[in-house]
Amino acid sequence: MRIDDGTKRVVIEDVRPEIEGGRFPIKRIPGERVIVEAAAFSDAHDVVACSLVYRPERALNWSETPMQPLGQDRWRAEFTVDEVGMYRYTVEAWVDFFLTWRRDLEKRAVAGQVAHVDLLIGANLVREASTRAARNEAGYLGEMFTLLSATGDPAARAAAALDPKLLAVMRRFPDKRHAARYDHELAVVVDRPLAVFGAWYEMFPRSCGRTADEHGTLADCAARLPYLAEMGFDVLYLPPITPIGTSYRKGKNNSTECQTGDVGSPWAIGSEAGGHKAVHPQLGTLADFQQLRTRAAELGIELALDVAYQCSPDHPYVREHPEWFRFRPDGTVQYAENPPKKYQDIYPFDFETAHWRQLWDELRSVVLFWIEQGVKIFRVDNPHTKPFGFWQWLIEDVKQRNPEVIFLAEAFTRPRVMQHLAQLGFTQSYTYFAWRNSKSELTEYLRELTQTELAEYFRPNAWPNTPDILTEYLQVGGRPACMARLVLAATLCASYGIYGPAFELCDNRAKEPGSEEYLDSEKYQIRHWNLDDPRSLRHLIARVNHIRRDNPALQTNAGLKFHAVDNDQLICYSKSTPDLSNVILVVVNLDPHHVHSGWVDIPVEELGVGGPRSYQVHDLLSDARFIWQGPRNYVQLDPHVIPAHVFKLRRWLRSEHQFEYFL
């Protein structure tokens, strides 16, 4: 054990939040609190004082706030982050001799044992503090020193020494010469609000053409933006818009036989037209992309681009940098495989190449290039198949240059790997939500995401479907299943997304039994969608997104609580703001085939509607209003009409016929 300073007597340990011993930061957005707890204690019986110190990384000076004792040597304090970027925080603690002296003086005063020498000890502590104090307080402390060191009635001087004003001033100027500081300076990454709250829409621009056989363009994509704006989406995510290779191009439905006119997979990046920094010629030009981005911004929509670090055999990298790829013994390049699946149209990079530094620099330049084009959101394809160290380096470097950049990790893999990617810096993460269908599965998983240490760094983005994922639940449940999953994704998580128009048009045709692949998948062909189909969920989606924007409780992953229902096919949960000014109660029928009813039990006192009076629940989906009394109430949901209630809770005013709105 190494002792650097034997005068430091306080031990500081078990600081929370602290991710992996301080190796990784926690995450916040401006306006959010960082609540810090720690254990701090000393030998003997002296009083310990504790402070939370913090600063934006760009600031030179630390701010400080006292930590309050919780008992059993634990302490708590909080600070609020105000700006995008990085913050630092840690804990200081020290033996406070004035507080120790004051505590003992109180005991002596009660016992009538105050002696002159006891007051002189305190007087000296006050005099020392006056040398640390600001001018006004220094004058006051000088007066108190004179009073405490004078002769006279010890009891009267002790009463003056115990004045709360003296305590408050001395707390502001403690003697920290022997203060201990926690071993680690911990970090907070502060992202912009879209990192937590947003509605995402995934769409293939090449399917935006006006006719079934027409290859859509970025201009066609721009023409569809009002449709997305009407539904209330914040982010339009585009699969790769880069040139597509022709060698080993996949045909429709992932066929290895490519027919004339087949457009291939956008993830087979690169051709003679360019690589990761080019636009597919059939989609348009960089100028067309800028026009799309500008038009989207006018409608309040931000573009997100796909980052897929892989190449088609025709990518310029293959010709110019063969050292970045792995060769097989027969001299051919190793294509992507997940046996028995083969992806001959895709070459993965060899991250173990001796030229890895040049490879890393080039891959970073891809992100920086698109940032120069105005892109600040990247959905990263399969990050779990690339080295962890690469991602930590890339994200840290990019966010130091552009702290507003958001990275979404598309990693449907093992939990520890997904969590580690989030620790390394990914702003958001896809989740297992698509495969959590029962009440117990959803409850357990969302509690894990929102009520454990994961909530400090793992931001979920819930998607009911993707071009790769058409779950059995959606296949067999049809339109009612899509409605239920929409409400669940949009209200359980602050960020959610859908792959459309497949989702709103309830395309539930699987490629084959037991498969989660869409039949006629847009990954391999152009689809023409009838956006005016009367069965479309576009109006319900617009309503749900409007509800999300109007209710702050749904704009965070905090405040989620599950409530009992006496029917396992019904799930009930609430979200509320800390001050209970906005309380949302959701009930969803998880069975897409049958009507279900049940009695829900909600903690009315916790939700701010307790007491003898009845209260109103306003269904924001249907605009229906019901009067409830007490914690136990009846619900019934027909999945073929609408499988969910999204209630806003309102309590009575004094007037018998008016309601007080939670604003």
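Side notes on the structure shown:
- Cα-based shape type of region 426-479, given that a ≥ b ≥ c are square roots of the gyration tensor eigenvalues and the cut on a/c is 1.5: oblate
- Area projected by the alpha carbon convex hull of region 290-438, averaged over all directions, nm²: 11.8 nm²
- Here the scattering of region 36-107 is modelled by Debye summation over its C-alpha atoms, one equal scatterer each and no solvent; at q = 0.11, 0.13, 0.23, 0.27 Å⁻¹ the log10 of I(q)/I(0) is -0.34, -0.46, -1.00, -1.20.
- For region 447-503, the fraction of C-alpha pairs more than 18 angstrom apart is 38%.
- Cα lying deepest toward the dipole's positive end in the chain, options Pro322, Ala222, Gly610, charges on Cβ: Gly610
- Quotient of C-alpha Rg and 2.2 N^0.38 Å, computed over region 206-333: 1.19
- Dipole axis of the chain (+1 Lys, Arg; -1 Asp, Glu on Cβ), positive-most option in Gln72, Val114, Ala510: Val114
- When the alpha carbon coordinates of the chain are projected onto the principal axes, the ranges are 106, 72, 42 Å, largest first.
- Taking all protein chains into account, the per residue accessible area for the chain stands at 44 Å² (1.4 Å probe).
- Summing Cβ point charges (Lys, Arg +1; Asp, Glu -1) relative to the Cα centre of region 542-616 gives a dipole of roughly 360 debye.
- Basic side chains Lys and Arg get +1 at the Cβ, acidic Asp and Glu get -1 at the Cβ, and with that the dipole of the chain about its Cα centre reaches some 1080 debye.
- Near the amide H of Met67, within less than 5 Å, lie the amide hydrogens of Cys50, Ser51, Leu52, all on another chain or at least 5 residues away, with H placed in the peptide plane.
- Share, in percent, of DSSP beta bridges within the chain that are antiparallel, nearest 5: 75 percent
- Rh (Kirkwood; distinct C-alpha pairs) - region 142-294, Å: 22.1 Å
- Taking only alpha carbon atoms, region 529-663 gives an Rg to Rh ratio of 0.98, where Rh is the Kirkwood radius.
- Rounded to 5, the percent of DSSP beta bridges in region 301-425 classed as antiparallel: 40 percent
- Normalised contact order of the chain, rounded percent, pairs of Cα under 8 Å and 6 or more residues apart: 10 percent
The values are calculated or read from the model by the stated rules, or taken from the named source; none is laboratory data. Keep in mind the model is a prediction, meaning the values are calculated, not measured. Methodologically, a virtual Cβ is constructed for each residue, glycine included, from the backbone with ideal geometry; neighbour enumeration extends over all protein chains shown. What goes into the accessible areas is simple: the full protein's heavy atoms, side chains included, and nothing from ligands, DNA or RNA. Shrake-Rupley method; radii C 1.70, N 1.55, O 1.52, S 1.80 Å.
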